[in-house]
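The values are calculated or read from the model by the stated rules, or taken from the named source; none is laboratory data. From a predicted model like this one, the values you see are computed outputs, not experimental measurements. Positions of Cβ are generated from backbone atoms using ideal geometry, with glycine treated the same way; all protein chains shown enter the neighbour counts. In case anyone asks, the SASA skips ligands and DNA or RNA and just uses the protein heavy atoms, side chains included. Shrake-Rupley method; radii C 1.70, N 1.55, O 1.52, S 1.80 Å.
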Amino acid sequence: MIIKKAEYIISGTKASHIPDMKVPEFVFMGRSNVGKSSLLNAITNRKNLAYTSSKPGKTITLNFYNVNDAMLLVDVPGYGYAMRLVQDRLNYGSMIEDYLAKSQYLVTCFLVVDSRHEPTEDDVLMYNFLKHSNQKIVVIATKTDKISKNELNKNVSVIRKKLQMDKDELLIPVSSEKKVGIDKIHAYIESFLN
């Protein structure tokens, strides 16, 4: 997939803020600091499209990115960040639920987990919520450059088992830093653009 254009359009807090582009939407969800922003930058081949931070909890709105005028990538606030106020966490939850329920062009929810660790209880809850909501889910396991191939193979099995993924469900291991697996995400997204 050749990225000719990738631009931030708008941030919003409810479904009515979704840009009216009538193109496929792909949303990226995961716990705080799992690497969603770095992943979006790697997918779009831009260094600073999505703001990255070593401190968790920087994304506090739904952020919409236009890619090639052909799709929207949507970054949502991370979950599970303990330092957030309970009210903030509830607000983020309802903002995400509102988006999932009302987006007319949502194609896939990319659930981003850390390849180095077993999925958290929040990851399991989100996965089950998405399944229950009949969303198409692709799991992306980030930060694969930080572990050995053997560890990765073992951890992929652990992730699949913990989330109780079906055999035919897609799990893509990636390294945003080394651009490993990004081609697989591109190929997946492209299959919806034709």
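Label points 7 Å out from Cα along the Cβ direction at residue 47 and residue 103: separation in nm?
Each label point is offset 7 Å from its Cα along the Cβ direction, giving 2.9 nm.
Please list 3J(HN,Hα) in residue order for segment 136-148, calculated via the Karplus relation 6.51 cos²θ - 1.76 cosθ + 1.60 where θ = phi - 60°; whole Hz, with x for glycine and proline.
Each residue of segment 136-148 in turn: 7, 10, 10, 8, 10, 9, 8, 6, 5, 6, 8, 9, 6 Hz.
Rounded to the nearest 20 Debye, what is the dipole magnitude of the chain about its Cα centre when Lys and Arg each give +1 and Asp and Glu each give -1 at the C-beta?
Here the size comes out at about 460 debye.
What residues qualify as long-range amide H neighbours of residue 138, i.e. H under 5 Å apart, gap of 5 or more or another chain, H built at 1.01 Å from N?
Those lying under 5 Å, H to H, from residue 138 are 109, 110, 111.
Using a simple spin-label model with points 7 Å from Cα along the Cα→Cβ vector, what separation in nm is obtained for residue 157 and residue 180?
Simple spin-label model gives 1.8 nm for this pair.
Give me the number: length gained by fully extending residue 167 to residue 8, i.e. 0.36 nm times residue separation minus the C-alpha to C-alpha distance, one decimal in nm.
Gain in length upon complete extension: 53.7 nm.
Please list the non-local residues whose amide H lies under 5 Å from the amide H of residue 79, H modeled 1.01 Å from N, same-chain partners needing a gap of 5 or more.
Result for residue 79 returns 30, 31, 32.
Just by accessible area at a 1.4 angstrom probe, what is the order of 36, 136, 131, 143 from largest to smallest?
These residues rank, largest area first, as 136, 131, 143, 36.
Probe of 1.4 angstrom, ligands and nucleic acids ignored: what's the accessible area per residue over the chain, in square angstrom?
Here the per-residue accessible area is 53 Å².
With the crude spin-label approximation of a point 7 Å out along Cα→Cβ, what separation in nm comes out for residue 149 versus residue 15?
Distance between label points: 4.6 nm.
Can you pull the accessible area of residue 147 for me, 1.4 Å probe, Å² to the nearest 10?
About 30 Å², ignoring ligands and nucleic acids.
Please list 3J(HN,Hα) in residue order for segment 149-161, calculated via the Karplus relation 6.51 cos²θ - 1.76 cosθ + 1.60 where θ = phi - 60°; whole Hz, with x for glycine and proline.
Ordered by residue, 3J(HN,Hα) equals 4, 4, 4, 4, 4, 5, 5, 4, 5, 4, 4, 4, 5 Hz.
Where does the chain land at 222 nm, in deg cm²/dmol rounded to the nearest 500, when only DSSP H runs of n ≥ 4 count, each adding -39500 (n - 2.57), divided by all residues?
Computed ellipticity for the chain at 222 nm equals -10000 deg cm²/dmol.
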